[in-house]
Amino acid sequence: MSLKIYTVPCRIGYMDNYSYILVDDDTLISAVIDPSETQPIVDELSKLKIKPQYILNTHHHFDHTDANLELKEHYGAKVVGNQADYKRIPGFDIGVNDGETFSLGKSKAEIIDVSAHTKGHILWYFKKDKALFTGDTLFNLCVGGLFEGTEQDMFLALQKIKSLPDDVLFYPGHEYTMHAAFFAKQYNQNSQEITQYLKNAEQRLRQGLPVGPVTLGIEKNCNPYLEADTIEDFCRIGE
Ligand code: ZN
Ligand code: FE
């Protein structure tokens, strides 16, 4: 009884998105999270012989929803996103709200509103499976830009993530680790953990693998934006 997760790199080399294919092992009900680009996702789905029933979006930006309509047409999948974003998510079918639970077969996701990168950005938290899909809110060693929210909003969003257990694995919407590496290393001087983090990351990338998933426990100690305990410290990062 568990959730299987497959990572699909999209827009490689220019936006470096990650879409994810989820399969509930028990029922074989499946979904695609943030379908960024049609072809790589369709290729992976065919390889896995999966026809997804759902498309789950973290937010409305085109690099997370661009394949919504094509996948919807191709597989008859239903598009699920924040009810508040029903006008901005292409092909919107099913609305979810903060604090609600969405069932993917027997796997259950809690919806966590983290409005900051965009108003209406949500996290998909599969509590029992210890998997958190963070879209453009949390990346490896950095966080998403503030398109529609304030620093205060992002700080609050990160506090919600910090309150989740350390053994949860997070799955980000982009591969940005190496962009953030230099700053994270400077911020965490003399930290063994960041040295190990970057060593692992470089190794994985050299093998053509995604850096993630990393546990929240490690991320809380290595990501400067998660390390900040007060809004003042958070705002000071990167100054
Ligand atoms: Zn975005
Ligand atoms: Fe994005």
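Need one number: % antiparallel among DSSP beta bridges in the chain, to the nearest 5. It would help to have the intermediate numbers written out before the result.
Details: 28 of 42 bridges.
Expressed as a percentage, antiparallel bridges in the chain total about 65.
Compute log10 of I(q)/I(0) for the stretch 89-239 with the Debye formula, placing one identical point scatterer on every Cα and leaving out solvent, at q = 0.09 Å⁻¹, to two decimals.
-0.28
Of the candidates Ile12, Ile89, Ile111, which one comes out as most mobile in a Gaussian network treatment of the chain with C-alpha springs shorter than 10 Å?
Top of the fluctuation ranking is Ile12.
Cut-off under 19 Å on the C-alpha distance; same-chain residues fewer than 8 positions from Lys78 excluded. Which lysines are left, in chain and number order?
Lys49, Lys51, Lys87, Lys106, Lys108
Under 8 Å for C-alpha pairs, at least 6 residues apart: give me the relative contact order for the stretch 3-236, rounded to a whole percent. Walk me through the numbers on the way to the answer.
Working: 497 pairs, mean separation 32.9, N = 234.
Contact order relative to length: 14 percent.
For Arg204 and Ser2, compute 0.36 nm times the residue count separating them, minus their Cα-Cα distance, and round to one decimal in nm.
Gain on stretching Arg204 to Ser2: 70.2 nm.
Go ahead and collect, in residue order, the members of the stretch 133-149 whose backbone nitrogen is under 20 Å from a label point 7 Å along the Cα-Cβ direction of Gln186.
Once the point is set 7 Å along Cα→Cβ of Gln186, 139-146 turn out to lie under 20 Å by backbone N, inside the stretch 133-149.
Report ³J(HN,Hα) in whole Hz for each residue of the stretch 55-63, in order, from the Karplus equation J = 6.51 cos²θ - 1.76 cosθ + 1.60 where θ = phi - 60°; Gly and Pro get x.
For the stretch 55-63, the Karplus curve yields 10, 10, 10, 8, 6, 8, 3, 4, 6 Hz.
From the backbone phi of the stretch 225-237, what are the Karplus-calculated ³J(HN,Hα) couplings (6.51 cos²θ - 1.76 cosθ + 1.60, θ = phi - 60°) in whole Hz, Gly and Pro given as x?
6, 7, 5, 5, 9, 10, 4, 5, 4, 4, 5, 7, 4
Excluding residues on the same chain fewer than 8 positions from Lys185, give the lysines whose Cα lies under 29 Å from its Cα.
Lys130, Lys160, Lys162, Lys199, Lys220
Springs between alpha-carbon pairs under 10 angstrom, Gaussian network model over the chain: which of Ile41, Ile94, Ile33 fluctuates most?
Ile94
Please return the longest stretch of the chain lacking exposed loop sites, where trypsin sites (Lys or Arg not before Pro) count only if DSSP places them in a loop and at most 14 other Cβ atoms lie within 10 Å.
129-239
Return the single residue from Thr65, Thr27, Thr134 with maximal mean-square fluctuation; model: Gaussian network over the chain, springs between Cα atoms under 10 Å.
Thr27
Only helical DSSP H runs with n ≥ 4 go in: add -39500 (n - 2.57) per run for the chain, normalise by residue count and round the 222 nm mean residue ellipticity to 500 deg cm²/dmol.
-9000 deg cm²/dmol
Every number in this text was worked out from the coordinates using simple rules, so none of it is lab data. Since the model is a prediction, treat every value here as computed from it, not as a measurement. Please note: Cβ atoms are built from the backbone with ideal geometry, for glycine as well, and neighbour counts cover all protein chains shown.
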